[in-house]
Amino acid sequence: MARGSAVAWAALGPLLWGCALGLQGGMLYPQESPSRECKELDGLWSFRADFSDNRRRGFEEQWYRRPLWESGPTVDMPVPSSFNDISQDWRLRHFVGWVWYEREVILPERWTQDLRTRVVLRIGSAHSYAIVSSHPRYPKGYFVQNTYFDFFNYAGLQRSVLLYTTPTTYIDDITVTTSVEQDSGLVNYQISVKGSNLFKLEVRLLDAENKVVANGTGTQGQLKVPGVSLWWPYLMHERPAYLYSLEIRGKGFDWPLLVKDFNLLRWLGANAFRTSHYPYAEEVMQMCDRYGIVVIDECPGVGLALPQFFNNVSLHHHMQVMEEVVRRDKNHPAVVMWSVANEPASHLESAGYYLKMVIAHTKSLDPSRPVTFVSNSNYAADKGAPYVDVICLNSYYSWYHDYGHLELIQLQLATQFENWYKKYQKPIIQSEYGAETIAGFHQDPPLMFTEEYQKSLLEQYHLGLDQKRRKYVVGELIWNFADFMTEQSPTRVLGNKKGIFTRQRQPKSAAFLLRERYWKIANETRYPHSVAKSQCLENSLFT
Ligand code: BDP
């Protein structure tokens, strides 16, 4: 093979460019087929962070014109991964600025020579934007990154990178909505084809065993599946349907951790999570479809804490982001609701208008699903709640206030639920509650940070939740599944320790408590859907 024509430089700097442009077109997950080939680019890449004072040397010297090693030293960087924790270099852990990734790829000759083949580079995730502040009290040119959220701002190519081909006339997007008519499943589809008007479309719907269960033609239509067996969440009974679970890891992606986390979810008997506070890798969503885990799909609207954030530029961007999230995840049966933000300053008038607009826009993008945002405001002050379908509440009784006074939780929780319900008469989800716990710390009677305290706090919440859950409280999601890294601060001991599992996925005592609870709730009503039935294959709405 002639190297010249078949070698491509994948110089992926600057990362920020990709993020700044709204994504156009469909976002179908690449699948190999007779007309589509995939080539994974995961593995070791060459990497350099631009440490120059203005962080722009890479552009000035045009590093992208030649192999990266020719313009200076490079290091090995695994993709997918965040670059922060890979090396021993402190500067890289906290790096703010442009980083450059490079990988040499040998393309099959046909890809470059066949004019009917279109080659697409797909970057699963390139993170991220930065807010940079200069401080007059510090040395000249000194800057740091300020974030308004409680997770470490890991950055880099955190999900898989791949090349794939399509014919030059190709399916760009598919939208599927479903409904049920007696015992038949109805699948409405809309297919967008690009590249030419000269095509014929044949549509086949496959079941979990790859058997064709319905046929259609043309770019839109309805398929009917008689005797359908519906997708059903893991262990969920029907009356009342109830979500119970926690938040899992989502920024990066690697299979061993993902499969381990799903095994832990099943062990717990959990049936749902929220993608706090950004969309998770597509592979995570596929696992949810497969394992029957319900998802509240949250966009990266986190840290909207200050009045100046609620402006028209942010609003416009936020709407674009919702378009991208919906476009990417709309066909997953597991997605039950969109969340447009986590803990925005929703007591502000400007936030009320802002949330109203984002929610209305999201509903227009997908009229089939409810929309929410997650609030930590007071019921009387919240300006966004009138626009949501389900009220999601975060509260940390006996943690961020009334320290140690577990005896207050039931009263405070009941008051919270009653106030919100009286005002809005909407279903409510307790979307966060929990306690910081250092595995191995014990004290009885319980003291904060011990395993006993976490357990007792959760127990008190559960007593309060049990009072309301057959009425209007439709879900409880503890914070958090596993410990996770945050910025350094006097309130964080090597990160956030509210996990019921450690960062290494070992259980704290509370994990056993939750396990008992989730299985008990699942068995309260013997609903005929079995666990086995809930394990649908990805992308198939019906088994
Ligand atoms: C909530 C946030 C979440 C934090 C949590 C905490 O939504 O991101 O990690 O508090 O303080 O307010 O542990």
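Please treat every number below as a calculation from the coordinates, not as lab data. Just so we're clear, the structure is a prediction, and the values are computed from it rather than from any experiment. With ideal geometry, Cβ positions are generated from the backbone for all residues, glycine too; neighbour counts draw on all protein chains shown.
With the requirement that a residue be farther than 25 Å from Ala351 by Cβ and in contact with a helix residue (DSSP H, G or I) (Cβ under 9 Å, 6 or more places away or on another chain), what does segment 388-412 give you?
Filtering segment 388-412 for residues farther than 25 Å from Ala351 by Cβ gives 398, 402-411.
Matches in segment 388-412: Ser398, Asp402, Gly404, Leu406, Glu407, Leu408, Ile409, Gln410, Leu411.
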Original post:
Here are some conditions: (1) buried (at least 21 other Cβ atoms within 10 Å of the Cβ); (2) within 16 Å of the ligand (Cβ to nearest atom). Ser377 meets all but one. Which one does it not meet?
Top reply: (1)
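State the number of residues belonging to segment 463-491 that are within 23 Å of the chain's Cα centre (by Cα) and closer than 19 Å to Glu432 by Cα.
Adding up the residues that qualify gives 13.
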Original post:
Do you know which of the residues in segment 411-434 that are within 22 Å of Val371 (Cβ to Cβ) and not in a helix (DSSP H, G or I) is farthest from the ligand (Cβ to nearest atom)?
Top reply: Gln425
Original post:
Taking segment 82-115 only, how many residues are closer than 19 Å to Leu163 by Cβ and in a loop (DSSP other than H, G, I, E, B)?
Top reply: 4
**OP:** Output the number of residues of segment 43-81 satisfying the condition of being surrounded by 13 or more Cβ atoms within 10 Å (Cβ to Cβ), among the charged types (D, E, K, R) and part of a strand (DSSP E or B).
**Re:** 1
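Is it the case that Gly25 is among the small types (Gly, Ala, Ser) and assigned to a loop (DSSP other than H, G, I, E, B)?
Working: among the small types (Gly, Ala, Ser): yes; assigned to a loop (DSSP other than H, G, I, E, B): yes.
The answer is yes for Gly25.
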**OP:** Report yes if some residue within segment 346-367 is free of Cβ contacts under 8 Å to residues at least 24 places away in the same chain, within 16 Å of the ligand (Cβ to nearest atom) and part of a loop (DSSP other than H, G, I, E, B); otherwise report no.
**Re:** no
**OP:** Could you list all residues from segment 397-410 that are in contact (Cβ under 8 Å) with a residue 40 or more places away in the chain and within 16 Å of the ligand (Cβ to nearest atom)?
**Re:** Tyr397, Ser398, Trp399, Tyr403
Subject >> Failed condition for Asp389, given (1) touching a Pro at 6+ places or on another chain (Cβ under 7 Å); (2) assigned to a loop (DSSP other than H, G, I, E, B); (3) crowded, with 17+ Cβ neighbours inside 10 Å >> reply: (3)
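Run down Val336, Val313, Val321 and say which single residue is over 29 Å from Gly43 (Cβ atoms), more than 16 Å from the ligand (Cβ to nearest atom) and either in contact (Cβ under 8 Å) with a residue 40 or more places away in the chain or of a type in the set (Asp, Glu) (or both). Spell out the reasoning first.
On the way: Val313 fails: either in contact (Cβ under 8 Å) with a residue 40 or more places away in the chain or of a type in the set (Asp, Glu) (or both); Val321 fails: either in contact (Cβ under 8 Å) with a residue 40 or more places away in the chain or of a type in the set (Asp, Glu) (or both).
Within the list Val336, Val313, Val321, the selection yields Val336.
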Original post:
Which condition number in (1) in contact with a helix residue (DSSP H, G or I) (Cβ under 7 Å, 6 or more places away or on another chain); (2) under 25 Å from Ala270 (Cβ atoms) is the one that Val336 fails?
Top reply: (1)
Original post:
If Gly464 satisfies every condition in (1) in contact (Cβ under 8 Å) with a residue 12 or more places away in the chain; (2) within 16 Å of the ligand (Cβ to nearest atom); (3) not aliphatic (A, V, I, L, M) but one, which is the exception?
Top reply: (2)
